[in-house]
Amino acid sequence: MESIAPAAAVSRTAALPWHVAAMLVGSTSIVVGILWDISWHMTIGRDTFWTPAHMAIYLGGVLAGICGGWLALKTTFAGTPGERDVAVRFWGFRAPLGAWVAIWGALAMLTSAPFDDWWHNAYGLDVEILSPPHMVLAAGMIGIQLGAMLLVLAPQNRAAEGRGQGVRRWGIAFVYAAGAVLSMLTILLTEYSYPNSQHTAFFYKASCGVYPVMLVAAARASRLRWAATLTAAFYMLITLAMVWILPLFPARPMLGPIDNPLDHMVPPLFPLLLIVPAAAVDWILQRRGLRGKTTNDWLLAVGLSAAFLILFFATQWLFAEFLLSPASRNWFFAGDMQWSYGDEPGAYRYVFWQLDEDPVTPAGLGTALLLAILSTRVGLWWGSWMSRVRR
Amino acid sequence: MGELDVAGAAVRRRLLLLFLLFLLPAAVLAHVGSPNVFFDGEAGPHPIRVIVRPPEVVPGVAEITVRLKEGSEGGQPERVTVQPVYYRTGIEGAPPPDVASPVPGDPGLFAAQLWLMTQGSYTVRVQVGDGVALVPVVTAPTRLKGMQRGLGIVLAALGLFLFAGAVTIVGSAVRESGLAPGEVPDVRRRLRARIVAAITGVLLALVLIGGKSWWDSVEAEERADLYRPFAVEASVRDGVLALDINDVRSREWAPLIPDHGKLMHLFLVREPGLDAFAHLHPVPRGTQERFEVALPALPAGRYRVYGDVVHESGFPQTLTDVVDIPAIPAGPATDPDDSWHLAGNAGDGGLTWLKIPLVAGREVDLRFEAKVPLEPYMGMMGHAVITRPDGEVFVHLHPVGSFSMASQQAFERKLGVTTAHAHGHQAVSAVSFPYEFPRPGRYRIWVQVKSGGRVVTGAFDVRVLPRT
């Protein structure tokens, strides 16, 4: 069975090892499952432990647990010297770093289950994404996705140093894994990312605080020239697939009160056009920020963040206006399709919200820039560290 | 793995605000400590008893049982369904009905669970064959649930394991993940790994402290959102008891509507012996923020005050206070239907309780026989009030159950449905009240019936055994 270290074996088959492929499938399954589950709750409402959306999420956890566990047991007890040489130790066991992170994620997901169940019994079934038990669940899911990312990152870095082959293949797998993580981050901010909220200062502050870290880290750690762009593209593709596929399924609300009769699954929001600022991140890093080309990451962070903010703001500000217009009300953009069974029809759907309470001001944009600088700087540091991960 | 729910919290908050402004209140319930709703009536030709056990949190699951009683015309129906109908959205906004499953070993009993997603006034639309009955239910968070010790220990252990695992993984990552294959970490790397692991531990601890504070704030919000009826103040002056509703919400909520022809049914119970009882009908003075009633000749003392009212949407609540009543001569009664009972009077009012064993949490028929034919008293063949000496349970029952008739009528108007009741106005000499005592202990039951134009009240002390 091919394994983690001998890249030669990998290159012969020109495919990813099964456990890596399975982890990437698991990471995707989690994103698909969460988007499906959100749609389920918005459309049908009533669920059980066994809904297909939940199954997709569990599949991600199970794949991560099995692959991570198998890697740890195999490397510890039956690993070849080559495999053991590219493992890190954890309480006497050995496995690649990504396996440990994924196992941790699977356990965190398991832990969140009784916690969330108790939470619903104590405070009622929540109709929100952000709650303490959901954060434990999210930490677990993102842990699995980071594990998948690290699992392809180490072979990429070793291959780039001439200790293996398939730099490009591992590189694409890496940005795909990063795209899945980015998708999770956007899901966590869904409640603040309705097109109607995209003219508020908070939307830009939250986006600048959260998204640059992943885009910049991916760009710096990847050996591909357009890594941030590809990361954003994979995020958009995964989300778009759900935007286009979910409404094809007929469904109707099973909980009331029903203010918005539905006959199909509600799609997620049209993805943010992160590909635009991501391309600028790549462009700048190619010139100023790749390994050895710059000396001061703080200065670089300022430049990257300014580019991110300007392009993200300009793109999303205008695109939000389009999404609220009748021109977006079709299957492609799914404008006006994101409302749940409990959302009354009304003029509020077609206007920007909180323009008075939270308008975009120079001060607000300044705060967004500061958050972007911080996020970018962390991304640069994290990306540099990831570019050195070999195990 | 729990439900990672829905987006659009902002939208929901807006809508919630709209509900609060235009519809009705947060949480109120027409009882004290006795949340289950009992219904005895008919769904078309089928006599049924429905018990709804509302959730203690919202959204939450209501447990519903439908019992087909003897006397069904046209044979046993094949299908029993239940459907939650929210007052504001009506039948058009209701989810499809759920089929209630037969309970094995108990022929004629059907059970179902219904999700009630929003606080407010609901009716459960019960369909038995072609017959329909409406059972009004209100939803409101009534309790904060603590965490069981066992679960707390398991979660704490898992949390500790995750914490230690995360710190260890970070340490391992710093120590070894950057090493070339086969390379052994040197002392510097090991030291750095320890330092970074320690910093990670501190940062994680800060994250956990932040998480705990978030949890605490959710708990505080939920606590603030718990059921509390309008704040009221009872006072007595010149033989008149006044009940002032001192609650800003009273101006925002839908107005009160009459139940059995009265805007308020007010019950007085003397502490601590429960030896004096009155059922009065105060009338509003000016606005619906002040109600007044002339007091009958009650012995002086401290009385518990329970005022049952129903809002226009069918939303009932019980307003409670305590008042000191001085010795006063009886004034003219405000309402001819006012009635009272003192310990010195004949205890049973000529009524006989057909004794049965009472067990907490078990459905019973409290049946009382009179020696004379009974006539309707405020539209019902009987009224029963049940309370505990500690005041933690108070409920006003009718032979048709514990729901508010005014609530049911509000829904009947809204849905265009008429619910028939098994206990009509035919001449009878016995009344029966469906009930389930919520907790073991001593209770006092006052039963009120009318005969020969006179209201008689019987008082009965009962002991309810714990469920074994």
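Quick one: would you say A:Ile238 is over 15 Å from the mean Cα position of the chain (by Cα), part of a helix (DSSP H, G or I) and away from every other protein chain (no Cβ under 14 Å)?
no
Would a scan of the range A:59-80 turn up a residue that is among the hydrophobic types (A, V, I, L, M, F, W, C), at the interface with chain B (Cβ under 7 Å from one of its Cβ atoms) and buried (at least 22 other Cβ atoms within 10 Å of the Cβ)?
No; the residues of the range A:59-80 include none that is among the hydrophobic types (A, V, I, L, M, F, W, C), at the interface with chain B (Cβ under 7 Å from one of its Cβ atoms) and buried (at least 22 other Cβ atoms within 10 Å of the Cβ).
So A:Val86 clears everything in (1) at pLDDT 95 or above; (2) touching a Pro at 6+ places or on another chain (Cβ under 7 Å); (3) aliphatic (A, V, I, L, M) except one condition, right? Which one?
(1)
Could you count how many residues in the range A:344-363 are within 13 Å of chain B (Cβ to nearest Cβ), among the small types (Gly, Ala, Ser) and assigned to a helix (DSSP H, G or I)?
1
Against the definition (within 14 Å of chain B (Cβ to nearest Cβ) and either surrounded by fewer than 15 Cβ atoms within 10 Å (Cβ to Cβ) or polar (S, T, N, Q) (or both)), how does A:Pro268 come out, yes or no?
Spelling it out, it is not the case that A:Pro268 is within 14 Å of chain B (Cβ to nearest Cβ) and either surrounded by fewer than 15 Cβ atoms within 10 Å (Cβ to Cβ) or polar (S, T, N, Q) (or both).
How about the range B:173-195: which of its residues are of a type outside the set (Gly, Ala, Ser) and in a loop (DSSP other than H, G, I, E, B)?
B:Leu179, B:Pro181, B:Glu183, B:Val184, B:Pro185, B:Asp186
Just for the range A:46-58: of the residues that are modelled with pLDDT under 90 and at the interface with another protein chain (Cβ under 9 Å from one of its Cβ atoms), which one is nearest to A:Leu137 (Cα to Cα)?
A:Phe49
Of the residues A:Gly162, A:Gly147, only one is more than 8 Å from chain B (Cβ to nearest Cβ) and touching a residue at least 40 places away in the same chain (Cβ under 8 Å); which?
The unique qualifying residue is A:Gly147.
Is it fair to say B:Thr168 is touching a strand residue (DSSP E or B) at 6+ places or on another chain (Cβ under 7 Å), surrounded by 13 or more Cβ atoms within 10 Å (Cβ to Cβ) and facing chain A (nearest Cβ under 9 Å)?
Criteria met by B:Thr168.
Run A:Gly162 past the list (1) of a type outside the set (A, V, I, L, M, F, W, C); (2) in contact with a Pro (Cβ under 6 Å, 6 or more places away or on another chain); (3) surrounded by fewer than 23 Cβ atoms within 10 Å (Cβ to Cβ) and report the number of the one that doesn't hold.
Failed condition: (2).
Picking from B:Arg444, B:Arg439, which residue would you name as being at pLDDT 90 or above and not in a strand (DSSP E or B)?
B:Arg439
When the residues of the range A:100-141 are filtered to those that are of a type in the set (Val, Ile, Thr) and more than 7 Å from chain B (Cβ to nearest Cβ), which remaining residue is nearest to A:Gly61 (Cα to Cα)?
A:Ile103
Name the residues in the range A:186-216 that are within 14 Å of another protein chain (Cβ to nearest Cβ) and under 17 Å from the mean Cα position of the chain (by Cα), would you?
Answer for the range A:186-216, where residues must be within 14 Å of another protein chain (Cβ to nearest Cβ) and under 17 Å from the mean Cα position of the chain (by Cα): A:Thr186, A:Ile187, A:Leu188, A:Leu189, A:Thr190, A:Glu191, A:Tyr192, A:Ser193, A:Ala206.
How many residues does the range A:91-101 hold that are part of a strand (DSSP E or B) and surrounded by fewer than 21 Cβ atoms within 10 Å (Cβ to Cβ)?
1
In this structure, is A:Thr111 part of a helix (DSSP H, G or I), at pLDDT 95 or above, over 22 Å from A:Trp170 (Cα atoms) and hydroxyl-bearing (Ser, Thr, Tyr)?
No; evaluated as a whole, the condition is false for this residue.
Output the number of the condition that B:Ala26 fails; it satisfies all remaining conditions of (1) at pLDDT 85 or above; (2) hydrophobic (A, V, I, L, M, F, W, C); (3) outside any strand (DSSP E or B).
With (1) at pLDDT 85 or above; (2) hydrophobic (A, V, I, L, M, F, W, C); (3) outside any strand (DSSP E or B) applied to B:Ala26, the lone miss is (1).
Yes/no matrix, rows are residues, columns are (1) in contact (Cβ under 8 Å) with a residue 60 or more places away in the chain; (2) surrounded by fewer than 23 Cβ atoms within 10 Å (Cβ to Cβ):
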position	(1), (2)
B:Val99	no, yes
B:Val124	yes, no
B:Lys145	yes, yes
B:Leu151	no, yes
B:Ala164	no, yes
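Which one of these does A:Gly366 not meet: (1) in a helix (DSSP H, G or I); (2) surrounded by fewer than 16 Cβ atoms within 10 Å (Cβ to Cβ); (3) within 14 Å of chain B (Cβ to nearest Cβ)?
(3) is the only condition that A:Gly366 fails.
Please find, among B:Pro329, B:Pro389, B:Pro357, B:Pro316, the residue that is at pLDDT below 90 and loosely packed, with under 14 Cβ neighbours inside 10 Å.
Checking each option against the conditions leaves just B:Pro329.
Output the number of residues of the range B:216-236 satisfying the condition of being within 12 Å of chain A (Cβ to nearest Cβ) and loosely packed, with under 15 Cβ neighbours inside 10 Å.
6
For the range B:171-200, what are the residues that are more than 11 Å from chain A (Cβ to nearest Cβ) and either surrounded by fewer than 17 Cβ atoms within 10 Å (Cβ to Cβ) or in contact (Cβ under 8 Å) with a residue 60 or more places away in the chain (or both)?
Across the range B:171-200, the qualifying residues are B:Asp186, B:Val187, B:Arg188, B:Arg189, B:Arg190, B:Leu191, B:Arg192, B:Arg194, B:Ile195, B:Ala198, B:Ile199.
Could you check how many residues of the range A:239-262 are crowded, with 20+ Cβ neighbours inside 10 Å and farther than 28 Å from B:Trp115 by Cβ?
Selection size over the range A:239-262: 1.
How many of the residues in the range B:241-282 are within 18 Å of B:Ser407 (Cβ to Cβ) and without any contact (Cβ under 8 Å) to a residue 12 or more places away in the chain?
Qualifying residue count for the region: 0.
Only residues that are without any contact (Cβ under 8 Å) to a residue 40 or more places away in the chain and surrounded by fewer than 16 Cβ atoms within 10 Å (Cβ to Cβ): list them for the range A:333-349, please.
Listed by number, the residues that qualify are A:Gly346, A:Ala347.
Identify all residues within the range A:32-59 that are free of Cβ contacts under 8 Å to residues at least 40 places away in the same chain and assigned to a helix (DSSP H, G or I); write none if there are none.
A:Gly33, A:Asp37, A:Pro52, A:Ala53, A:His54, A:Met55, A:Ala56, A:Tyr58, A:Leu59
Out of curiosity, is A:Arg287 within 30 Å of A:Trp100 (Cα to Cα) and either touching a Pro at 6+ places or on another chain (Cβ under 8 Å) or not in a loop (DSSP other than H, G, I, E, B) (or both)?
No: the conditions fail for A:Arg287.
Determine, yes or no, whether B:Arg463 is outside any strand (DSSP E or B), of a type outside the set (Phe, Trp, Tyr) and closer than 24 Å to B:His31 by Cβ.
It is false that B:Arg463 is outside any strand (DSSP E or B), of a type outside the set (Phe, Trp, Tyr) and closer than 24 Å to B:His31 by Cβ.
Here is a list: A:Ser375, A:Ser387, A:Ser305, A:Ser325. Which entry is at pLDDT below 95 and either more than 30 Å from B:Ala94 (Cα to Cα) or within 14 Å of chain B (Cβ to nearest Cβ) (or both)?
Only one candidate qualifies: A:Ser387.
The values are calculated or read from the model by the stated rules, or taken from the named source; none is laboratory data. Given the structure is predicted, the values throughout are model-derived calculations rather than measurements. Note that each Cβ is placed from the backbone with ideal geometry, even for glycine, and that neighbours are counted across all protein chains shown.
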